[in-house]
1. Specify the residue that is farthest from Pro233 (Cα to Cα); the eligible residues are those in segment 269-287 that are in a strand (DSSP E or B) and over 23 Å from the mean Cα position of the chain (by Cα).
2. Looking at segment 180-202, can you tell me whether even one residue there is among the hydrophobic types (A, V, I, L, M, F, W, C), at pLDDT below 95, part of a strand (DSSP E or B) and touching a strand residue (DSSP E or B) at 6+ places or on another chain (Cβ under 8 Å)?
3. Can you list residue pairs whose Cβ atoms sit under 9 Å apart, with the first residue in segment 141-153 being surrounded by fewer than 17 Cβ atoms within 10 Å (Cβ to Cβ) and the second being modelled with pLDDT under 85? Count only pairs 6 or more apart in sequence or on different chains.
4. Just checking, how many residues over segment 125-140 are under 18 Å from Gln77 (Cβ atoms) and in contact (Cβ under 8 Å) with a residue 40 or more places away in the chain?
5. Which residue is most open to solvent (accessible area, probe 1.4 Å), if the candidates are limited to segment 276-295 and must be modelled with pLDDT of 90 or more and basic (Lys, Arg)?
6. Out of (1) open to solvent by less than 60 Å² (accessible area, probe 1.4 Å); (2) at pLDDT 90 or above; (3) in a loop (DSSP other than H, G, I, E, B), what's the single condition that is false for Thr243?
7. Do any strands (runs of 3 or more DSSP E) entirely within segment 305-419 hold 1 or more residues that are open to solvent by less than 20 Å² (accessible area, probe 1.4 Å), among the aliphatic types (A, V, I, L, M) and on the phi < 0 side of the Ramachandran plot, and if so, which?
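The values are calculated or read from the model by the stated rules, or taken from the named source; none is laboratory data. As the structure is a prediction and not an experimental result, all values here were calculated from the model. Cβ placement follows ideal geometry from the backbone for every residue including glycine, while neighbour counts extend to all protein chains displayed. Just so you know, the surface numbers come from the protein's heavy atoms only, side chains and all, with ligands and any DNA or RNA stripped out. Shrake-Rupley method; radii C 1.70, N 1.55, O 1.52, S 1.80 Å.
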Amino acid sequence: MGFPKGRRRVAVAVTALLATAAVAATVYRVLAPAEVSTPARAGYPPAASPVAGVVGRLPVAPLVVDGRLRVYAAHRQVYADRPVDGRHRTTPYWSYRRWPAALDGVVTSGTTVVTRWSDGRLVALDARSGRVAWRADGPAPVGERTVRRTGAATVWDPRGILVARGADGRQAVVAAGAEWMRAVDLADGRELWRSHLTVTVPPDDADAFVGCRDTLGTTGSGQVMIVDSCAGPAVVEFRDAVTGAVGLRWRPPEAGDELVATPVGCGTGRTGCTGLRTARPGDDAGRGWLLGDGEPVAAPALDRPDAELVGGTAVAVVDGVPVGRSARTGAELWRRSGLPQVRLLAVQPDRVHLLTETNDLVTLDPATGAQRSYFALNAGSDGVGWAPGAAYAAGGFVAVERLRKPVDPTGDDQRYYLTSEPVILAAT
């Protein structure tokens, strides 16, 4: 004996409705915006003091934080492992994931890790525990760019997010988008100021000023550098990172209407820069400048496009020989003519890192040119027959992407990188 026809129809309808509701609930759980924070369960590791040499190899690019942790970027996740001198990547010490936003950039200061996401959201994490310290809204990043599997572009060269320390000791996180920038306090995420990066123009000329302010980096004295071409010839604007007040607006002598400016003497992510190189678009010849409290001061030793600034020393490889000159006077301070053919790989405040043609890493003191360490960048049986890709130096460590020869910039990651663990990490 079955259900009457009417009741059967009702039962079928109810069953279908419940099934639809279940599917909808499942879809919502999977696709709804969410974040997953997995804090540290172990104690904060001690600082490491490794001997000079190759530490190990990693599948992804690390940021060294507080001399104790390595922080990495994935597509929708930032995470850390320990110890900082571990031979391989280990189980995450802490992890933070967002959905559906993608991780766009990571900057650090002390024990604070600030992440920027594709929806503009800023999330700060305490590196000691991995817990969220604060959240803040910001402008969405501009456009898209290629980020390969190591995540080096995200952690070693973040775009549109900067950190600067003001004269009063406060630190600001500055995020720039297509139309506006916002600064928040590193300590708590509270807004400090915001500014437009475009100007209002008549509708028939609406494209004239699109993208007319380009954020370059921050200075060692706590200012944000911006190339402003909104109203006339381009100028470099120096804006206080904590207050937002515009100070100096400067144009290099004999500059054209357009201007290409490149910060030098910077930390990771173009922060704390102490120099600047300016040129006209398409012109290889540039002019170097030292940054301070007043107008930039000419520094001819930084005119070379391959020169780096480390403290008060301008370092360049001239005809295969590394040379250090006083950035202020141009006087030669040291010359290392006994080395093999080298290229300048990376610098950090107390180290200059050179790479030989056979992939030996040579580290010099920037003030004297004295050798600090010299060893082959070889891990296991990988050999040294690779080409260097992106490089990073901080906290006494150097990390380099190893690329397969001949380098194919258009190849997929398997063809592009030497191995599945392409990043070699060394202590210097």
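1. Looking at the filtered set, the residue picked out is Arg287.
2. Checked segment 180-202: at least one residue is among the hydrophobic types (A, V, I, L, M, F, W, C), at pLDDT below 95, part of a strand (DSSP E or B) and touching a strand residue (DSSP E or B) at 6+ places or on another chain (Cβ under 8 Å).
3. Val142/Gly211
4. Here the count works out to 8.
5. The extreme case among them is Arg287.
6. Going through the list (1) open to solvent by less than 60 Å² (accessible area, probe 1.4 Å); (2) at pLDDT 90 or above; (3) in a loop (DSSP other than H, G, I, E, B), Thr243 breaks only (1).
7. Qualifying strands (runs of 3 or more DSSP E): 308-310, 313-318, 321-326, 342-348, 351-356, 360-364, 387-394, 397-403.
So that you can scan it fast, the table gives a plain yes or no per residue for (1) within 24 Å of Val55 (Cβ to Cβ); (2) at pLDDT below 95:
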| residue | (1), (2) |
| --- | --- |
| Gly312 | no, yes |
| Val315 | no, no |
| Ala331 | no, no |
| Asp360 | yes, no |
| Thr363 | yes, no |
| Pro366 | yes, no |
